[in-house]
Structure formats: structure tokens, C-alpha cells
1. How much net charge surrounds residue 45 when only other residues with a Cβ under 13 Å from its Cβ are counted (Lys, Arg +1; Asp, Glu -1)?
2. With charges set only on the Cβ (+1 for Lys and Arg, -1 for Asp and Glu), what does the dipole of the stretch 17-79 come to about its Cα centre, in debye to the nearest 20?
3. ³J(HN,Hα) across the stretch 59-73 via Karplus (A = 6.51, B = -1.76, C = 1.60, θ = phi - 60°), whole Hz, x for Gly/Pro?
4. With the dipole of the stretch 1-51 worked out from charges on the C-beta (+1 for Lys and Arg, -1 for Asp and Glu) around the Cα centre, which of 34, 13, 23 lies farthest toward the positive end?
5. Calculate one ³J(HN,Hα) per residue across the stretch 20-25 by plugging θ = phi - 60° into the Karplus curve 6.51 cos²θ - 1.76 cosθ + 1.60, and present them in order as whole Hz with x for glycine and proline.
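Nothing in this text is a laboratory measurement; each read-out follows from the coordinates by a stated rule. Since this is a predicted model, take the numbers as computed values, not measurements. Backbone-built Cβ (ideal geometry, glycine too); neighbour counts: all protein chains shown.
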Amino acid sequence: MIKVMENLIKNPNARRSCTVDGLLGLINRMDEGLEKIQKSLDQYLETKRMVFPRFYFVSDDDLLEILGQSKDPIAVQKHVKKCFEGFVIYTLFFILHLKELFQFILGLKI
């Protein structure tokens with residue numbers, strides 16, 4: 001891909017740049033590679049949806065963000081309502097600061 005782009009920069013004439021020998025075959029191979037990647041990604045997301053069916057209510061882009069941000073509950077929170085229609089979203093502040101809340105309520109040092 002880099003070589004193709006470098007060629008286009010060096011020779012900005014579309015007609016000459018697009019008629020380079022082997023360009024069509026290279027672009028077709030890159031397209032086939034992208035299709036394989038997309039198919040693998042779709043299969044991966046389907047396995048995640050099979051494990052947790054609520055993910056069927058979330059788009060592929062949102063699901064990728066959920067999976068990529070799984071260690072950050074705040075970042076995932078915006079997708080919760082898509083998974084649970086009618087579900088009231090509570091802030092995760094309470095959960096993240098549960099220890100401090102118990103200390104405050106009970107007046108204890110944990």
C-alpha cells in the first residue's frame with residue numbers, strides 16, 4: 001500500500017498512475033486481505049455476542065469500543081443503555097468509591 005501511495009505522489013497524473021503494470025493485481029490482493037480481516041473480525045464479534053446475547057443490540061463499532069475499554073467502566077457506561085433497553089443507568093461513581101462510602105457511613109477505617 002505504501003508503494004502504491006508513493007507512486008501516486010511521485011506521479012500525480014491519474015491516467016499514468018493507474019495504468020502501472022501489476023497495480024490491479026496488487027489492489028485485488030489487498031482487497032482480498034481486507035475481506036479476510038473483516039470476516040475474522042465479524043466471527044470474533046459473533047463469539048462475544050453468543051457469550052453475552054445483549055451485545056446483539058450494540059453495533060459493531062460500539063462493541064469494539066466496549067471490548068477495548070473493558071478495564072474502564074466509565075468509558076463503557078455510555079453503551080449500557082443500548083444493551084439494556086429501559087435500564088436506568090446509575091453512575092459508576094458509587095461502585096468505584098464503595099470503600100470510601102462505607103468508611104463515611106460507618107465512620108471506620110478499612
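1. For residues surrounding residue 45, the net value is -3.
2. Using only the charged Cβ atoms, the result is roughly 320 debye.
3. 5, 4, 4, 5, 5, 4, 5, 4, 5, x, 10, 4, 7, 10, x
4. 13
5. Per-residue couplings from phi come out as 5, 4, x, 5, 4, x Hz.
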